[in-house]
1. Taking 0.36 nm per residue of separation and subtracting the Cα-Cα distance, what length does fully extending L67 through N170 add?
2. If each residue of separation counts as 0.36 nm, what is the full-extension length gain between E183 and D198 once their alpha-carbon separation is subtracted?
3. Which of A296, L268, A257 sits closest to the plus end of the dipole of the stretch 222-307, meaning its Cα is farthest towards the positive end, when Lys and Arg get +1 and Asp and Glu get -1 on the C-beta?
4. Just in the stretch 91-171: which trypsin sites (Lys or Arg not before Pro) are loop by DSSP and have at most 13 other Cβ atoms within 10 Å?
5. Can you give me the long-range amide H partners of G76? Hydrogens built in the peptide plane at 1.01 Å from N, cutoff under 5 Å, separation of 5 or more residues or another chain.
6. Can you tell me the length gained on complete extension of the stretch S360 to A206, counting 0.36 nm per residue apart and subtracting the Cα distance?
7. Could you tell me whether the stretch 114-243 comes out rounded, prolate or oblate from its Cα gyration tensor? Rule is a ≥ b ≥ c as square roots of the eigenvalues, rounded for a/c under 1.5, then prolate if a/b exceeds b/c, otherwise oblate.
8. So what J values fall out for the stretch 214-221 if you push phi through Karplus, 6.51 cos²θ - 1.76 cosθ + 1.60 with θ = phi - 60°, rounded to Hz, Gly and Pro as x?
Amino acid sequence: MPMTVKKKAGKANAFKKRPAALTASEPQQLPADDAKPAASIEVATSTGGSQQTGGTHHVYLQSLQALLVRTFAGHGLVARCGVLMPFPIRAACVFPGGSRVITSGEDGTSRIWDAVSGELLLVLKCHRAGALGTAVFPDGCRVLTTGADGDAVVWDVNRGTPLSRLEGHNTPVTGGAVFPDGERVITMGLDGSGRIWDVRSQRILAPLAGVGKTVVAIFPDGEHVAVASEKGRAEIWHGRTGQLTAEVDGHRGAVTAMALFPGGGRLLTTGEDGAAFVFDAKSGQKLTELPRHRDAILCGAVSPCGTRLLTGGRDGIARLSDATTGETVATWAADGGQAPCADSGPAAERPIYSCAFFPSGSHVLLAGAAGGRIWQLPEMGSLENSMQTGNVQ
């Protein structure tokens, strides 16, 4: 398959302000020197505030800002209803070390970018229809892409060549996950089916029993797998014995995303009901409930240190929350515009389909209908000093 390869540049987590190369075939991107804050940030605390809504105090601090430091050129344009619009990015991941990111779009390609300069390093023309999912292998040398054509492909990102093509789904493959050993992957189909594959032999090792599954998450031990359903539940299974070890329940409607905390002791789930919960992965007990989005939550991520949670919604809003208390730390519009209040207007038409933390925990990647963007999070020390409300939970 034809593809474009460029030399990688930059250091991990540097985010230095330097201009990025532009190409005529790509929409112009935002230079790093034009880094700017989100238009509005909402900070919530239970100890004080200037406004109270639904029993929660809110403090609005214009000085506290999430900083937009990088906008990627995107996946090109498509004509819809006579209007040129960017191809939505359906999935995105950060590579180990944080120097590169990968985005998968409805144009059928997956693209690898330098996180520092924004330079496009590699284009994988991987699917005949839209690319719907992606996952990075632990070695950082391979990626898994899944597509609307029903295939899943494992790629060598150093050579830009396919290593394995996993064919067996009869419907679009909406996403997948990689086991810690790098030898196995799980793929999920639009029909609610799942399969575990051996990457080298390209054989199906085991189907995931039943139907109606939506997303999966693999525990760090590589022995346990969390499988969620369209009925709002998630089950945790021992991968080798087939024993059901825990069940979690709480969503009204499909579970849209899951993310594990470091060590695998807790599990974050998000749903189409706009809710997000933290569960004890061993007992299934609900530990924390996050403030609801105005519409469905489509993605969720846990910070590397396990203290912060990131959720992105169909409403186009990103929310940073405290992992222990569930309280909101900040919210902002992923496209850089005004973050609406909870009771304002209809949902935005720029949903956030994917979100991820960088290894440092200080930056996050948001991807969706507004493209791919890297944001620097507010410094928590500065947050506490600015609020001047005493103890912050």
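Each value in this text was obtained by applying a stated rule to the coordinates, not by laboratory testing. Here the structure is a predicted model, which means the values were calculated and not measured. Cβ: placed from backbone, ideal geometry, glycine included. Neighbour counts: every protein chain shown.
1. On the way: separation 103, 0.36 × 103 = 37.08 nm, distance 4.25 nm.
Going from the current span to full extension adds 32.8 nm.
2. Details: separation 15, 0.36 × 15 = 5.40 nm, distance 0.61 nm.
In short, 4.8 nm is gained.
3. The residue sitting farthest along the positive end of the dipole is L268.
4. Working: sites: R100, R111, K125, R128, R142, R159, R165; in loops: R128, R159.
Taking the stretch 91-171 and a limit of 13 other Cβ atoms within 10 Å, the loop trypsin sites (Lys or Arg not before Pro) found are R128, R159.
5. F87
6. 51.9 nm
7. Working: a/c = 1.75, a/b = 1.49, b/c = 1.17.
Note, shape of the stretch 114-243 comes out prolate.
8. Taking θ as phi minus 60°, the curve returns 10, 9, 10, 9, 9, 6, x, 6 Hz for the stretch 214-221.
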